[in-house]
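Please treat every number below as a calculation from the coordinates, not as lab data. On a predicted model such as this, the values are computed, not experimentally measured, just so you know. Counting neighbours? That spans all protein chains shown, and the Cβs are built from the backbone with ideal geometry, glycine included.
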Amino acid sequence: MVSALTVLLLSCWLAGHSGVWGEPSYPKPSISLLSPSWGVPLGGAVTVRCCGQNQSLQFVLNKEGRHVQSVNSDFLALFHINNVSQEHGGSYSCSYHSQSEPSAMSDPSDLMELVVRDPSLLRPSISLSPTGVTALGADATIRCQGQRRDGRFFLHKAGDLNPQRHMDPAGARAEFHIPTMGQQHGGNYSCSYQSRSEPFISSQPSNPVELVVAEPSYPKPSISLLSPSGGSPWGEP
């Protein structure tokens, strides 16, 4: 059985060698957050992963240009942030250098956002239109209702690694339209919102709703009542 650490190291090595051989010795690292895409709860813990290329490296984690942590490691660094507070929300990047050559630093990684979920922001509500099973090729709308009129709404699909959709409505409700429904649109959805003045603080996600897409190759079932056609007596099964 391949361990999780082996998989992480292999993914870092592949990321570092996905370009053309003979590039500069310190290509910029990749950065990712080992947590759900819709935020980290207050008081929780989160791990930031930084993948480099080479052994005997020192990785540096920065938040908006300020040094946060350093870790000595080969290929991969895991930065652990415990007891997350609102101050931990923000944009992070990482870089690395050889432990023997601290002056030769790699370029910084792309920016990664850490969003903190604040329980004081009430959980939004979510609804589907139409309800029930949606036909292939039909349109659907997912509505998210929040508590603030200055919010940015985010739509999350369970298990989806693609970037989440967001919307800046004029009021406290956002409508996410899904035209031409396909099988890939089926699944569980939730939404959250953030204040535009505090972009790294998020509400708790809504309760999930399930979008069910009809499969035309399944013939529709039949239904009948196993009771007298004239009706059942009051109180009887």
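Quick notes on this one:
- Rounded to the nearest Hz, the phi-derived 3J(HN,Hα) couplings of the range 111-124 under the Karplus curve 6.51 cos²θ - 1.76 cosθ + 1.60 (θ = phi - 60°) are 6, 10, 9, 10, 10, 9, 7, 9, x, 6, 8, 4, 4, x, where x marks glycine and proline.
- Correct choice for log10 I(q)/I(0) by the Debye sum over Cα atoms at q = 0.12, 0.17 Å⁻¹ that was computed from the model, options (1) -0.75, -1.30; (2) -0.63, -1.36; (3) -0.84, -1.16: (3)
- Put simply, the amide H of residue 214, placed in the peptide plane, has neighbours under 5 Å in 134, 135, 136, leaving out anything fewer than 5 places away on its chain.
- Across the range 25-163, the mean sequence separation of Cα contacts (distance under 8 Å, 6 or more residues apart), normalised by length, yields a relative contact order of 23 percent.
- Amide proton proximity set for residue 165, modelled H, under 5 Å, gap of 5+: 155
- Span from the the range 86-109 Cα centroid across to the the range 158-237 one, whole angstrom: 41 Å
- Any cysteine of the chain lacking a neighbouring Cys Cβ under 4.7 Å - listed by number: none
- Across the chain, the mean sequence separation of Cα contacts (distance under 8 Å, 6 or more residues apart), normalised by length, yields a relative contact order of 17 percent.
- Helical runs (DSSP H, four residues minimum) scored at -39500 (n - 2.57) apiece and divided by the length of the chain put the mean residue ellipticity at 222 nm at -1500 deg cm²/dmol.
- On Cα atoms only, tilt of 4-16 relative to the major axis of the chain in degrees: 70 degrees
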